[in-house]
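The values are calculated or read from the model by the stated rules, or taken from the named source; none is laboratory data. This one's a predicted model, so the numbers in the text were calculated from it and none came from an experiment. Cβ sites come from the backbone with ideal geometry, for glycine too, and all protein chains shown count toward neighbours.
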Amino acid sequence: MEQPESTTIPQNKSIGKDPAKASNPLRIIIAAVVIAVALIWGGKALYHSFLYVETDNAQIEGDVYSVISRIPGKVQEVLANDNQQVHKGDTLIRLEVADYEVRRDIAAAAVESARASVLAAEANAGAASATERKLDADLRRNSTLRGQDVISQAEFDAIRAGAEASSAQHSSTVGQQKAAAAQLRLKEAELRNAELQLSYTNIIAPASGHISKKNIEPGQYVAPGQQLIALVGSSDLWVVANFKETQLEKIRPGLPVTIRVDAYPDKEFKGKVESLSSGTGAKFSLLPPDNASGNFIKVTQRVPVKIVFTEKPDKNHQLAAGMNVVVDIEIK
């Protein structure tokens, strides 16, 4: 009996593989581009690290002036507004003046009284001086007469006693004159102090700049030394960059710096290193570390570096204290 012929099914060696994926050139091209970009970026970063020292731990700083009251008083008027530009000497706050005007008037009246006392003391001293001169002359004449036995000893003793009393009276009036003059100087000083206190009712700007923080309104009662306004000086701004201590080896004053402000990412500002701090930021903190106590953990410290602008920012790129920046110091 004839056996049926066996059917042989040909085996496909490509089963389980996707020819499209296996031979897709797009993936190879993308991978090559990614690798090339990574190499270029890494090369630029490496090259940049040889030429620059960079940190983003940096901020713009400026002079901040505290506007305070030197006397107690009730606020009558506030002339400053938030973010307003002011000039040195501008009146920012006025306090009520009535109490201080009364004190000035009292002091002025005391000065006039003291001047009258000085005039009276001068007159008394002048009269006592004239009396003393007359009695001294009488004493000299009667001394001659007593030597000739023209007058009695009792008469001469009375004349001599009168001359001595006149001299003592003159000395007393001179002392009173000096005391009156000293009292006048004291009252004049009190008047100047009263006028000075009155002038403090006008609180003025200590420098030119912008009002950044206003903590006062009309009707409030202020105390001496109380901060009423924070004024950021507009004449000078700089950057404080906190570099790691391991980055300081090649940083020196005078090196050029590129400054990029977060607020203006497309704008680069030019500057230079002015100085390096003599202490780390942690050393001047409220609770500085004490490595001699407890367990020691080495932490890389940061040192503040002051950077000044070598070109003045234009009006289209207004800078403010506290802005975050990125700095690149060119070390080669």
I'm told Ala121 meets every condition in (1) more than 30 Å from Ala158 (Cβ to Cβ); (2) surrounded by 12 or more Cβ atoms within 10 Å (Cβ to Cβ) except one. Can you identify the failing condition by its number? (1)
Within the bounds of the range 232-239, is there any residue that is in contact (Cβ under 8 Å) with a residue 40 or more places away in the chain and in contact with a Leu (Cβ under 6 Å, 6 or more places away or on another chain)? yes
Being more than 27 Å from the chain's Cα centre (by Cα) and among the acidic types (Asp, Glu) is the requirement here; does Glu245 meet it? yes
Can you tell me how many residues within the range 150-166 are crowded, with 16+ Cβ neighbours inside 10 Å and of a type in the set (S, T, N, Q)? 1
Just give me the residues in the range 57-79 being within 22 Å of Gly322 (Cα to Cα) and of a type outside the set (Asp, Glu), in sequence order. Asn57, Ala58, Gln59, Ile60, Gly62, Val64, Tyr65, Ser66, Val67
Residue list for the range 281-332, restricted to those being surrounded by fewer than 10 Cβ atoms within 10 Å (Cβ to Cβ), at pLDDT below 75 and not hydroxyl-bearing (Ser, Thr, Tyr): Leu286, Leu287, Asp290, Ala292, Gly294, Asn295, Lys332
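Yes/no per residue for (1) outside the structural domain of Val326 (by TED's automatic domain parsing); (2) surrounded by fewer than 18 Cβ atoms within 10 Å (Cβ to Cβ); (3) under 30 Å from Pro304 (Cα atoms); (4) among the small types (Gly, Ala, Ser):
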position	(1), (2), (3), (4)
Ala58	no, no, yes, yes
Asn83	no, yes, yes, no
Val86	no, no, no, no
Arg104	yes, no, no, no
Lys306 within 16 Å of Leu237 (Cα to Cα), over 22 Å from the mean Cα position of the chain (by Cα), basic (Lys, Arg) and in the same structural domain as Val232 (by TED's automatic domain parsing): no
